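Just below is one structure, and these are the notes that go with it.
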Amino acid sequence: MESVTIREIQHNLSAYLRRVERGEVIEIRRRNTVIAQLVPPKKADARDDVDWKSVKERRQALWNGKAPGKSISEIVYESREE
């Protein structure tokens, strides 16, 4: 892990951001005290972590293949009767 000063970051921010994109962690120091870290994000899209097949199976087990509540067509029909 590299440690750089605020001045170095200010003058070379794009170069350090490219390194962070590649997975590096950069510590930022002020007067030899670490005040921040630049770290890459964990994941761009949390939806990638979901096992959609198990969600579908669980939903079917909970509701016997039918979603609870009213269907959209029932809601629309009822709202038009007013």
query: Has segment 43-57 got at least one residue that is in a helix (DSSP H, G or I), surrounded by 11 or more Cβ atoms within 10 Å (Cβ to Cβ) and at pLDDT below 85?
result: yes
- prompt: Consider E21 against the criteria (1) touching a strand residue (DSSP E or B) at 6+ places or on another chain (Cβ under 9 Å); (2) at pLDDT below 95: it satisfies all of them except one. Which criterion is unmet?
  reply: (1)
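Residues in segment 1-35 that are part of a strand (DSSP E or B), of a type in the set (A, V, I, L, M, F, W, C) and surrounded by 12 or more Cβ atoms within 10 Å (Cβ to Cβ): how many? I'd like the intermediate steps shown before the answer.
Here is the first cut: in segment 1-35, the residues part of a strand (DSSP E or B) are 2-5, 26-30, 33-35.
Still in the list and also of a type in the set (A, V, I, L, M, F, W, C): 4, 26, 28, 34-35.
After this cut, where a residue has to be surrounded by 12 or more Cβ atoms within 10 Å (Cβ to Cβ) as well, the list is 4, 26, 28.
Adding up the residues that qualify gives 3.
May I ask you to verify whether A67 is out of contact with any Gly (no Cβ under 7 Å at 6 or more places or on another chain), part of a loop (DSSP other than H, G, I, E, B), modelled with pLDDT under 85 and at negative phi? Lay out the reasoning, then the answer.
Values: out of contact with any Gly (no Cβ under 7 Å at 6 or more places or on another chain): yes; part of a loop (DSSP other than H, G, I, E, B): yes; modelled with pLDDT under 85: yes; at negative phi: yes.
When the stated conditions are applied, A67 passes them.
The values are calculated or read from the model by the stated rules, or taken from the named source; none is laboratory data. Since the structure is predicted, the reported quantities are computational estimates derived from the model, not experimental observations. Heads up, the Cβs are rebuilt from the backbone with ideal geometry, glycines too, and the neighbour counts pull from every protein chain shown.
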